[in-house]
Structures are given as structure tokens and as C-alpha cells.
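Every read-out reported here was derived from the displayed coordinates using simple, explicitly stated rules and does not represent laboratory data. What you see is a predicted model; the values in this text were computed from it and never measured. Cβ: placed from backbone, ideal geometry, glycine included. Neighbour counts: every protein chain shown.
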Amino acid sequence: MGESDLFGPTMTISQAKNYIKILAADKKKRAMFSLCMWGPPGVGKSDASRQAANEIGIDYKRQGVSTVDYIKVAGYPELQGKGSNRRAVSHSFLNVPADGEGIWVFDDWTHAPAPVQNLMMDAALFREINEKKIGDGWLLVLCANQVGVGVHSMGQAVSGRFLHVHVVPDLECFKSYALKNDLRPEIIGFLEASPDYLYVSPDNEERAYPTPRSWEKLSHLLDANYSLKDGTRLGLHQADPELLQHFIGSAVGPATAPSVASFVSAYGLVDVEEAASGSLDNLYSLSGADSAELLVLGVSLVAGARVWWNRQSKRDYVSIAKGLGNILRYLPQNLQVRLLTDIQRTDDSGYRKMWDRVRKDSKLSEYKDELLRLGETMISDYVDF
């Protein structure tokens, strides 16, 4: 049995989200289960629950367990009653959901001090925190890191009371999320060219390191603007190389920053509008015949072309088809298929309409033949020409 099997079946974030949706779909059964999601930090465990709740249409509540004070959970003892009936009663200061419907996530559970961890585990098992009942309309999910990542363990007698899944980083899941949420094309492109950087297990002393969560933070960071003395406002991605590298390192770590900064700089060498018009210099000449840089430029063009597609007026499919046909001519076949697949994934309706126009419009016969040649297998499966 592999190490990951100790934490339940291995799933991507997308699979875990669908698993949670199934558990939470039936209100009458939410109180029957408590789920423990294991996985590395920053992979998106708590966010999977949030997305599941949003898609079902129920509430989402998150409680960070590693940062909560023991007294806030246990409460202060208060004497109640008189005489022989006098007793000490503690009331938790947590806002415990007694009514309504939703998913309540106990995040970073295995990083909490043992007393807090035990209290929250009791809450998940017995659906009660110091006499405050948790409503039956709420599904409880514990998010935990594997033992060995500075965490406390869970005994087998207790673990047998939970459902368990093991969530792992997955590039396609992150890419799908990134495209839908308009993350920076440079980030998506870099990870396509260097997929091993999606998640890098940190050394004990590292504070910033690559995770799906930190890549999203970096994307938002690259959207930031700063002002020059003359009042000119520039994007962070236009900063001088040293400043850019510092900002990248603050999100994904200094060891990763140089490679990302190089890719961001190379991204600016490819003008997707020139590619769409057919006037871009050959990528091979731009790369100086360097095969590694040629790959970076090709992936950069794919990333830019996805943005280009989203900017187009979807009423002018003749121009779109011509532009896309020109862009595809600059790319090797594996990147051609990647680009077409990404466009179809994020804009299925527009993608179908473009192919329908290509099929019907005699003015596009040249591009029809070219597009078919470039992506023949995938396209012939998708549209009946």
C-alpha cells in the first residue's frame, strides 16, 4: 500500500468537489457523515467545499482551527443553579450554525494544538460544541495535512469514524480554474511549460513556495499597478527585472522566481495581434534558434491567444477564423491542439459557431483547409464537415 493510500482514495480537486456535492446534495443525510480531506497545503481543499456549496446553492462557513484560541472553543466556565444543583457550564464563543443548510469546514485541523484539535474533532463526530448543537442541515468537513508536514496525527480508532479522501495537485484542474477566473496568461503558460512547479514540497525553513494557492496570489499580484515619478502607471509585470523577481519570490519562493521572471519577460516578446494578422516574425528567429526559448515562446503565444479569443467580437466569426488560422500556423501541432482544446473548454458556444461559419462560408475555404490540417483529429471528432 502506497503512502497516499493511507489517507483514502486519491482525487483531484475537481473530483473532490464533485464528491462533496454528492454528500451534501441530500439535506437529510448531511448529518450522517463527517469528511476528512487530506492533502498538501495550498492545494485547494477548503476551496473545493466552497465551490461545492456555491454550486448546490447552500451556505459555506469556514473555521480556521489552527488559529482559534482554546477558550473561544471551550468557553469560560460559568456557575449556574443553586445549592446542590449548582454546576459549572461552559458556552463556546464560536458561532455554531444551528439552523439553515450548508457546508462547515474546519480548516488546518491537524495544525491545531492538541486541546483545540480534540474539541473540534468531538464537534465533527458528535455535532455539538459545549451544548451548542450543530444543525442537521450542515455537512462537516475537516481539512488536514499529511503527518510529517508539521502536523498532529489522528488515531485509527477516531479516523474510522470519518470518511477520508486524499487530494493531490492536478495541472488540468488548476488550468481549468485559472481560465474560468481570468488568471494571468503568463502564470498558466509557465505552468504548462513547467508542470512540476505547480506544487513543490517546501523545506522546513521555506515560507514561500509554489502551490495552486500561491500561483493564484501571484496572478493577482501581477495585476497590480505602480506609479513612476512622471505619473505613468505600469503593471508589475512591466517592472525592472530585479523588482519583478522580488515580487514573484514573495509569492512562490526565491528559488522559483528566476524561472518565472524569465517566462514573464519572454511572454512580452510575442505580439498575438501580429500573429493573428500573419505578420509576426517566425518564432524560430525570435528564439535565436534556441529550442528551450522556442518552447517558451510557443507556450506564450498559446497563452496570449486565449486572451485574444476572449477579446474578439463573437459576431465576426470570419475575422476570428482567419486570425485563429494565422495564429495556429506559428505553433507546433501539440500546441495547436492545446490552444483549440482550451478555447472549446472555455467558450463552447462560440467555438461551435466559428466552426459552423468556417464550414458554410466559401470565403474561408483556405482557412478551412488549413484549420483542418492543423487539428484534423480533434476537429473531425467535434464537427462533421
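Structure above, values below:
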item: Contour excess over end-to-end distance, with Cα ends at Asp59 and Met32 and 0.36 nm allotted per residue; result: 7.9 nm
item: Segment 24-40 - phi-based ³J(HN,Hα) in whole Hz, Karplus 6.51/-1.76/1.60, Gly and Pro as x; result: 8, 5, 9, 4, 5, 9, 4, 6, 7, 10, 10, 10, 10, 9, 9, x, x
item: Gain in span if fully extended, Leu269 to Leu163, counting 0.36 nm per residue against the direct Cα distance; result: 33.2 nm
item: Computed E for Lys360/Leu243 - FRET, C-beta separation, R0 45 angstrom, nearest 0.05; result: 0.30
item: Cross-link pairs beyond the 18 Å C-alpha cut-off, checked among Lys17/Lys217; Lys61/Lys180; Lys17/Lys180; Lys61/Lys132; result: Lys17/Lys217; Lys61/Lys180
item: Residue pairs, from the table Lys45/Lys133; Lys29/Lys175; Lys175/Lys353; Lys27/Lys82; Lys175/Lys360, whose Cα atoms sit over 31 Å apart; result: Lys29/Lys175; Lys27/Lys82; Lys175/Lys360
item: Amide proton proximity set for Met11, modelled H, under 5 Å, gap of 5+; result: His166, Val167, Val168
item: Per-residue HN-Hα couplings for segment 171-176 [Karplus 6.51, -1.76, 1.60; θ = phi - 60°; Hz; x = Gly/Pro]; result: 5, 5, 5, 5, 4, 4
item: Difference of contour (0.36 nm per residue) and Cα-Cα distance, Asn204 to Asp281; result: 23.1 nm
item: Residues whose placed amide H lies under 5 Å from that of Trp138, excluding near-sequence neighbours; result: Gly102
